[in-house]
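The values are calculated or read from the model by the stated rules, or taken from the named source; none is laboratory data. Predicted, not measured: the structure shown is a model, and the values here were computed from it. Glycine also receives a Cβ, built like all others from the backbone with ideal geometry; neighbour counts cover every protein chain displayed.
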Amino acid sequence: MEPTKYYQLELSNIPLYLEEVLSLALFELGAAGIQENLEYVQEDKRYLPKILEKDKISLLTYFTEPPSREAIELALGAFPGVSWKISDHLIEDWMEHWKESWRPFELIENVWVVPSWHKASFVSKQGHLTLWIDPGMAFGTGTHETTQIAAELLFNLLSQKSGVALLDVGTGSGILAILAYLLKAEPIYAYDNDPESHRVFLENCERNNVPPLPWVEKWSDSLAGKVQVTVANIIDGVLVDLKDDFQKMKSQTYIFTGILKEREPVFLQEMLEGWNLKQVRRLEKGEWVGFQFEAP
């Protein structure tokens, strides 16, 4: 018989440095999953969420069987000050609640991201682009500032220069590749080292009536000299590690995002050393920055 309920243990007042060790204790208690309950603010009408950094965090822990009060108190005994409460929920209610938390929002000006379950109710305004992206395991649903930076740089570039070949490195959900397709880039190639990404990418292509865009593996070898624009929304250290591959591409334009502002000077020094690129645009959102570079 299929279970009809799941059990949610909510913990609060957790010092940030205890998150990892507390998570291990919860898994030993039998947790099926753990998520951090992030807080964010909406600072403007375009719904660009900003994650609030705090010294204390909250965790939501999920169980398929209800843990006893005694077991919880024993597991949390080493973490004084952490408060908790447990509740049970119908499984179908959890799915609906999760979906309700994902609403349409404006990724950048005139570009909206809409989960597929809002398709019947969402009405796109004239001149707006709509990306049907369902949140899932692959990175890139549009709420992260690095994705917003990359989307804005890409939108501004392709609004002036359509019909160019493009490679999206670290494509995740495919949000940037799909945006590029809607902005008339052609052909478009995608790559990600996460196997889950390929499945999610193809699903999101189908949702947006986009043909399955070519998925490449050894991209710096197979596409060298064939792509005018290379986009990479990856953490700065990985961007630097891939520098040789980016150079092999011999693209005219490079869009790099995922750089922590505090690491910007180091990133620029390491990425541009021995590489004649001209910085033509820099965008900053929260603690992240992104760049558009042009090759001579």
Positions within segment 237-290 being touching a helix residue (DSSP H, G or I) at 6+ places or on another chain (Cβ under 6 Å) and among the acidic types (Asp, Glu), in sequence order: ASP245, GLU270, GLU287
What are the residue pairs meeting all of these: first residue in segment 197-210, first residue over 12 Å from ALA177 (Cβ atoms), second residue among the basic types (Lys, Arg), Cβ atoms under 9 Å, and 6 or more apart or on different chains? ARG207/LYS119
Leading residue by the ranking (farthest from the chain's Cα centre (by Cα)) among those in segment 271-286 that are farther than 18 Å from MET249 by Cβ and surrounded by 14 or more Cβ atoms within 10 Å (Cβ to Cβ): ARG281
Residue within segment 30-51 that is at pLDDT 90 or above, outside the structural domain of GLU109 (by TED's automatic domain parsing), in a helix (DSSP H, G or I) and surrounded by 14 or more Cβ atoms within 10 Å (Cβ to Cβ) present: no
Within the bounds of segment 187-210, is there any residue that is surrounded by fewer than 20 Cβ atoms within 10 Å (Cβ to Cβ) and closer than 18 Å to GLN252 by Cα? yes
Mind checking whether some residue in segment 212-219 is closer than 22 Å to GLY274 by Cβ and buried (at least 16 other Cβ atoms within 10 Å of the Cβ)? yes
Tell me yes or no: at least one residue of segment 106-129 is of a type in the set (Phe, Trp, Tyr), at pLDDT below 80 and on the phi < 0 side of the Ramachandran plot. no
SER87: passes all of (1) assigned to a loop (DSSP other than H, G, I, E, B); (2) exposed (fewer than 11 other Cβ atoms within 10 Å of the Cβ); (3) modelled with pLDDT of 85 or more but (1)
Picked from segment 122-175 (must be among the β-branched types (Val, Ile, Thr) and outside any loop (DSSP other than H, G, I, E, B)), the residue nearest to SER251 (Cα to Cα) is VAL169
Under 6 Å between Cβ atoms, at least 6 apart or on separate chains: pull out the pairs that start in segment 68-90 with a residue that is within 21 Å of LEU18 (Cβ to Cβ) and end on any residue that is charged (D, E, K, R) and outside any loop (DSSP other than H, G, I, E, B). LYS85/GLU10
Complete set of residues in segment 221-239 that are buried (at least 19 other Cβ atoms within 10 Å of the Cβ) and free of Cβ contacts under 8 Å to residues at least 60 places away in the same chain: LEU223, ASP236, LEU239
